[in-house]
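Values quoted throughout were computed directly from the atomic coordinates according to the rules given, and no laboratory measurement underlies them. Remember, predicted model here, so these are calculated numbers, not experimental data. So basically every Cβ, Gly included, is an ideal-geometry build from the backbone, and we count neighbours across all protein chains shown.
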Amino acid sequence: MLSTKIHIVISAIGAFIGITAFICFCLVYSNIEAGIWALISCVHAALNLMLHCHYLKESLHVNFSRKALQYIGDCGIVGFASGAALTVFYIFLEVYYQADILPVQTSIIIRLVWSFMMMKWGLMLYLTTKKYLKTYNDHQLFSENPNVEDT
């Protein structure tokens, strides 16, 4: 339970910093790309926070089916793959152009940092869903509504 509480605190900090960075970079500095990557990392951190909170309250199995957790994990892996590709791309741009961090409006380094954060939170969300999927046991698999078709 202590590790879950630590994960909750870290996820809350990640979500707060992500939304703050989104507002800061989009509205104040007009670095839209960095702001969008911060927002996506915020969404992944918030989903991670939500899953940890439901697990701590022992309501994860009530509110999320296996399929729902798998879909959330798929969002995490898409965020991880996108963040990894963007991180490699921004590393290439930074090495090629050797740009400074200032001015913030055109900073490749800030975009690099937030694409890395998107990659990190996407991976964390994927690993969290895989961890919590292991807590489902077989009788819960068969208790899901059989009349609902998978689409």
Using alpha carbon centers only, region 108-140 is separated from region 19-88 by a whole-angstrom value of 8
So, for the Cα atoms of region 2-135, Rg and Dmax in Å stand at 16.1, 52
Mean Cβ-within-10 Å packing, highest first, puts peptides 65-77, 108-120 in the order 108-120, 65-77
The helix 32-56 Cα axis meets the longest alpha-carbon principal axis of the chain at an angle in degrees, between 0 and 90 and rounded to 10, of 20
For region 2-135, the dipole about the Cα centre with charges only on Cβ (Lys and Arg +1, Asp and Glu -1), to the nearest 20 debye, works out at 640
Summing -39500 (n - 2.57) over every DSSP H run of at least 4 in the chain, dividing by its residue total and rounding to the nearest 500, the 222 nm mean residue ellipticity is -26000 deg cm²/dmol
Full extension between Phe92 and Asn63 adds, at 0.36 nm per residue less the Cα distance, a length in nm of 6.2 nm
